[in-house]
Amino acid sequence: MSTDVEKSDENQKDEEPFGLGCALELFSESVEVMNMIDSIKSVVSAPISVFERAYERFVYILTQYQEQPHLLDSHLEVLLEKCIALIRDQSNPPELKHAVFKYMHVIISVRGYKDVVKRLPHEVADFEPVLQMLEQQDPSDSDTWFTRYVLLLWLSIIVMIPFHMSRLDGFTNSNDNKKTVMQRVFEVCKVYIVVPDKCRDAAAYLSARFLTRSDTKEHYLKSYFNWTYEISTNPESSVFVKSGCLASIAMILKYGKREDLVAHVGNLLQWIISANFKNDPGTNIQKLVYKNIQRIGLTFLPVRIASWRYQRGNRSLASNLSAGDGEKDFLSPSSPTDSNEQEENIEVPDEVEEVIDQLIHGLACNNSVVRWSAAKGIGRVTGRLPKDLADEVVGTILESFNPREGDAAWHGGCLALAELGRRGLLLPVRLPEVIPVIQKALFYDEPRGYSSVGSHVRDAACYLCWSFARAYDTSVLKPFVNQIASALLVATCFDREINCRRAAAAAFQENVGRQGTFPHGIDIVTVADFYAVSIRSNAYLNISVYIAQFNEYTMTLITHLIDRKVDHWDIAVRELTAKAFHNLTPSAPEYMAKKVLPSLFEKATSIDLNSRHGAILAIGEILLALSRLSEDKGVKMEDLVTVETFKQVECLIRNFQERLYFRGMGGELMRQACSNLIEKCSLAHMPFHNTKVIEDWLSLLNDCLSYEVQIIRTCAVHALLPFFSEYFKGDSVDLLAKKEMIVTRYVKEMKSPSQVNRMGYSLALGMLPDFMLKPHLNIILAGLIEAMCIDQHTQKWSESRRDIIKAINSICCTLEDELGKEISSNDIMAIYEVYFTGLSEYTQDKRGDIGAWVREASMSGLQTMTLLLAKKCPHLLTSQVVTKVVAGLAQQAVEKIDRTRALAGKMFSNIIHSDPRVPNIPHHDVLVGIFSQEECDALNWHSANSTFPKFVQLIELEEFTYNLMLGIITSVGGMTETLVKNSSSALFTYLKEQEKKKGLEEIQRVCETISEIFHNYQKVDRITVSILRFLSRIMTSGCLTNILDFQKSDFAKKILKLVQLEIAGCRDVYKLVDGIDVLCQFIQVRSEVCSTALVQLSILLCHRQIYIRRSTATKLYEALLVYGDNSVIPSENLDEIMNILSMTNWEEPLENLREIRNNLCTLMNIKKPVSKSVNKALT
């Protein structure tokens, strides 16, 4: 049977059954589950691993039905019968029964204990065995809690037998030494109600079923209540004791009869209030407190359906959707008749007021679970109150919506109103007071430090609107439709949190379907759906524009942005708000110009930084939108914007400078916003030409170019092109002098000793318009190229070199028509040299390989320049230049960084597939065959598994061999497991194929390239460390076996010599270990190379560092295991050598180890190493 379990386990999927959702149709594994229960006996008797696998399979199958447990119902009785039969069998050992109970617990956890308990056998014959089995259990045994849990649930259905339990005693009352069945069950309840595991919940259910029986309630109910009072109020009682007591009382109040409990609930209420449970930090205890309080309140009041409640009449969806047409007259909702309006004479105990007061306090609890429980309790209790008292409850809840209350009270109040509305207890007469509260709650947002609270309140307010759609008739909500619809759409478009936007969209959709009177509801729902609003930028910039086309919502959306979002605490929201203003301006241009802009100028003078920042951004976006609108309509900007607005814009930045708003941390935001404002005003062609404000703006932008924070420099750089294009275009003497002064200053800053200055001003030079570049092109290019030179001071300034290359690239794009003219062929070759120099930038600091930024900028420049020249001046693309371009890109496409590889791969593809074709590409037809256009379009360039097999094919092309091998060496010799695996697999497969196809000549050529690279980069750790790892891996792979054995090849000798030079005098432990790995690989070479490598290894066996000695011995031992038989070491000494290597303690002093090492040299038939001092003495 264990074999069957193992086979079924093999078929089990490794992944959890995520994503099945509600896709299942039936319990398809029913037969397998039945067989697994039948096979429990054999599984339990097998090794523990077999049972664990079987149990995991059982859990895996049933867990798939967690969301559709009803599919188990038709098989549930059979499953339980099989389990119960095994439990009833007296011959079965306890271990087997524990296993069965464990399986039953899985069934219960999936289907739920309420459904399973109903199907458990409840025969009288089971009572005594189940009770005895339960009494025999150890409550503190953590391994068998499944057993106790199921037994408690089973006993809870058995105790419901319909005759007196004294008949089960089997002895007369005169026998006082024996406990009755009722006493035994009562003691079981008391034992398990305070345990710290899941059995506590089952015991609570058992106590409710047992103590509410007609024959036990008189004797045990009151004593049980007294016992719970006593142990729960004990200062030393644990949280489990309190939780168990409260849970059992809640169950009793749920299942007991009102007439039996009403005499006790007064004391219960006082106990709960006086015991101060509400101050307990545990969520579960607080939830149980309010659950008990609400059930106590329900017990005080007789069960009845309030005759005064509101009942919605029409429920037809078709009728709802056509309700706004005015063509049909539907029946009005049922309303209380005159006879129903006459309230019944209900006596409401005074304690109910205390109950309601406690529940209302629960609405402000810090935990949302507790607030939800209290809200449901208010709904249930209010449903049994007279109309006047119920209305007072509603009024009290509404009073909690005030600024003095915290976010918890607002959230709880929304939940309570939703419950009341859902139950018809919130009468239509109260809606004029409730709707304004909903509007406030939908926009509730209280700043707290650098964030805010209120998303849960807004979410609850959306739920409240959703519930109203179901609760009230169309005619009732019709007066409030515009208010509700506008508020929900504002939340749908502009709420910061995704869950709130989705909730608002769902509530709007529900109202459209249920009410049918929401203006343009169907049209909006098709656009603002659950998924569309998930992306915040889409909601702000696209959905809001669509909704704003409907006049009913336009002003509401714009007003909300002004009042709530311009000064929002989140900078991202303020930026989106400004862009939203730009997109909404065409919907209400006059309102934007005459109402919104003055309001924004007022906010721009506020002492609140967020308000100023948001207002400046919004002003710029609105002015740009109005400008484009005026161009489209063929009118002047002055016709849309007042003269006063122009004056305010003109004075804005000057006023900020006078008030010192650009200083400090707040000044950073102000600099960004003002740079953005200058950019937008320039694009909007604001009439400020030849005014002093231009000098103020230029001064601010220049200051921002040398600011430490990158985002500020970026904003200033983006503003320069439109600013210069608008306000410096012309040939007047003053303008020419100003432009020359600006260019001279920017070029001078390229020699600044500050990296930040170089970064900002280099990008600024790249953003100059063509009319400023052409007259000064030579000095600009010369200044940028000179700044690329690396000296000791600028060695780590990779960011400045990146920005310089970006600037050169921008200049080439701006002046593309001047290539070969103003930009001469000498200039082009100098620019290419800058790009090629950038490709070899591998500067590193504590952030890692920062040279990658320069390489990526250089690759972009190479692509841009090459493609531009292919169009304009193809004769300048010589064979030498193009070969260096494509070979350099190919090298970057096989190096270590994923982002860099992907960028290089795309650019390589763009160049070989360019139109017009780039001339002089070496082996162009071969490249196009390997990298076809269709494959390149679909290729995942970030995936090493996809790109390396293609690029390694270029190794056979001589023009690419050196660069490809240089890049591949760094990847194969890297540290990233995935990269090493994919790159080495592609290379080794290629080499083996080439050896079969072309023989050893091709492999010899590749090996010569490897040795050339090693020689060229001697003592350059960036390359040599990778080469050492690369050599170890490629020699282990067997790709070079024939070359190493080839007598005419001197590859092994060259590499050995280079390795020796590399590790000579090395103090880097990790590099030495990599060198040891390579030296061990030479043991497989049957020549003098092997002996030389062994001598070098023997020297390392007596290295001054213990770690090196130990690593050398270990790796040498492993190498001898693999290659010992093929080495030059005498085979008869091999076992002794390996024994010495493994048994010697290489941490001993060097004096002791040298003799052992020398003995090893003798056994290996190699020269004994002699120290330099001894060697000098001998000579």
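Details
- Subset of segment 435-465 that is over 16 Å from R371 (Cβ atoms) and among the hydroxyl-bearing types (S, T, Y) - its residue that is modelled with the highest pLDDT: S452
- Hey, L1072 crowded, with 16+ Cβ neighbours inside 10 Å, farther than 18 Å from V1025 by Cβ, touching a helix residue (DSSP H, G or I) at 6+ places or on another chain (Cβ under 6 Å) and assigned by TED's automatic domain parsing to the domain that holds I1166 or not: no
- Index of the failed condition, L768 passing every other in (1) assigned to a loop (DSSP other than H, G, I, E, B); (2) surrounded by fewer than 18 Cβ atoms within 10 Å (Cβ to Cβ); (3) not basic (K, R): (2)
- Cross-chain or 6+ apart pairs with Cβ under 7 Å, segment 1148-1175 first and part of a loop (DSSP other than H, G, I, E, B), then at pLDDT 90 or above and not polar (S, T, N, Q): I1166/L1094; I1166/V1095; K1167/V1095; K1167/C1161; K1168/C1161; P1169/V1095; P1169/I1099
- Taking segment 971-1050 and the helices (runs of 4 or more DSSP H) fully enclosed by it, the elements with 2 or more residues that are closer than 21 Å to L1079 by Cα and assigned by TED's automatic domain parsing to the domain that holds C1080 are at 1000-1016, 1021-1037, 1041-1045.
- Members of segment 707-742 found to be surrounded by 19 or more Cβ atoms within 10 Å (Cβ to Cβ) and among the small types (G, A, S), listed by number: A716, A719
- C1102 vs. criteria closer than 20 Å to Q1060 by Cα, of a type outside the set (D, E, K, R) and not in a helix (DSSP H, G or I): yes
- Some residue of segment 247-268 being free of Cβ contacts under 8 Å to residues at least 40 places away in the same chain, in a helix (DSSP H, G or I) and either closer than 27 Å to D388 by Cα or over 49 Å from the mean Cα position of the chain (by Cα) (or both): yes
- Any hit, segment 130-141, residues being assigned by TED's automatic domain parsing to the domain that holds F27 and closer than 25 Å to R53 by Cβ: yes
- Within segment 234-246, the set of residues being farther than 12 Å from G282 by Cβ and crowded, with 24+ Cβ neighbours inside 10 Å comprises G244, C245.
- Which listed residue, of S675, S627, S699, is out of contact with any Phe, Trp or Tyr (no Cβ under 8 Å at 6 or more places or on another chain) and surrounded by fewer than 18 Cβ atoms within 10 Å (Cβ to Cβ): S699
- Of residues in segment 253-290 being farther than 23 Å from M160 by Cβ and basic (K, R), the one surrounded by the most Cβ atoms within 10 Å (Cβ to Cβ): K287
- For V885: the one exception among (1) in contact (Cβ under 8 Å) with a residue 60 or more places away in the chain; (2) closer than 14 Å to F960 by Cβ; (3) in contact with a Ser or Thr (Cβ under 7 Å, 6 or more places away or on another chain): (1)
- Checking each residue in segment 47-90 for being touching a Gly at 6+ places or on another chain (Cβ under 8 Å) and either of a type outside the set (D, E, K, R) or not assigned by TED's automatic domain parsing to the domain that holds Y103 (or both) picks out only P69.
For (1) modelled with pLDDT of 95 or more; (2) under 40 Å from the mean Cα position of the chain (by Cα); (3) of a type in the set (V, I, T), each residue gets a yes or a no:
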site: V355; (1), (2), (3): no, no, yes
site: C365; (1), (2), (3): no, yes, no
site: S368; (1), (2), (3): no, yes, no
site: P386; (1), (2), (3): no, no, no
site: D391; (1), (2), (3): no, no, no
site: T396; (1), (2), (3): no, no, yes
site: E399; (1), (2), (3): no, yes, no
site: P403; (1), (2), (3): no, yes, no
site: D407; (1), (2), (3): no, yes, no
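Yes/no matrix, rows are residues, columns are (1) modelled with pLDDT of 95 or more; (2) among the small types (G, A, S); (3) assigned to a helix (DSSP H, G or I):
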site	(1), (2), (3)
V512	no, no, yes
P519	no, no, no
N538	yes, no, yes
E552	no, no, yes
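- Breaking point among (1) under 24 Å from N826 (Cα atoms); (2) outside any loop (DSSP other than H, G, I, E, B), for F908: (1)
- Filter pass, K636 being among the basic types (K, R), out of contact with any helix residue (DSSP H, G or I) (no Cβ under 9 Å at 6 or more places or on another chain) and on the phi < 0 side of the Ramachandran plot: no
- Residue match in segment 949-972 (condition: more than 23 Å from I1013 (Cβ to Cβ) and not aliphatic (A, V, I, L, M)): no
- Restricted to segment 811-894, the set of helices (runs of 4 or more DSSP H) holding at least 2 residues that are closer than 20 Å to D915 by Cβ and touching a Cys at 6+ places or on another chain (Cβ under 7 Å) comprises 851-872.
- Qualifying residue in segment 182-190 (condition: farther than 24 Å from W227 by Cα and either assigned by TED's automatic domain parsing to the domain that holds S30 or at pLDDT below 90 (or both)): no
- Exclusive hit being surrounded by fewer than 20 Cβ atoms within 10 Å (Cβ to Cβ) and either under 22 Å from N551 (Cα atoms) or in contact with a strand residue (DSSP E or B) (Cβ under 9 Å, 6 or more places away or on another chain) (or both), set S606, S599, S611: S599
- For the condition outside any helix (DSSP H, G or I) and under 28 Å from G973 (Cβ atoms), C1066 qualifies.
- Of the residues in segment 520-537, at least one is more than 17 Å from A578 (Cα to Cα), in contact with a Gly (Cβ under 9 Å, 6 or more places away or on another chain) and crowded, with 20+ Cβ neighbours inside 10 Å.
- Residue match in segment 1146-1161 (condition: surrounded by fewer than 18 Cβ atoms within 10 Å (Cβ to Cβ) and within 19 Å of D1077 (Cβ to Cβ)): no
- Check on V481, surrounded by fewer than 21 Cβ atoms within 10 Å (Cβ to Cβ), closer than 22 Å to C500 by Cβ and without any contact (Cβ under 8 Å) to a residue 40 or more places away in the chain: yes
Per-residue answers, yes or no, for (1) farther than 22 Å from E708 by Cβ; (2) at pLDDT 95 or above; (3) β-branched (V, I, T):
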residue: E726; (1), (2), (3): yes, no, no
residue: S754; (1), (2), (3): no, no, no
residue: F771; (1), (2), (3): yes, no, no
residue: A782; (1), (2), (3): yes, no, no
residue: Q792; (1), (2), (3): yes, no, no
residue: Q795; (1), (2), (3): no, no, no
residue: I805; (1), (2), (3): no, yes, yes
residue: T814; (1), (2), (3): yes, no, yes
residue: L819; (1), (2), (3): yes, no, no
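The values are calculated or read from the model by the stated rules, or taken from the named source; none is laboratory data. These figures come from a predicted structure and were not determined experimentally. Heads up, the Cβs are rebuilt from the backbone with ideal geometry, glycines too, and the neighbour counts pull from every protein chain shown.
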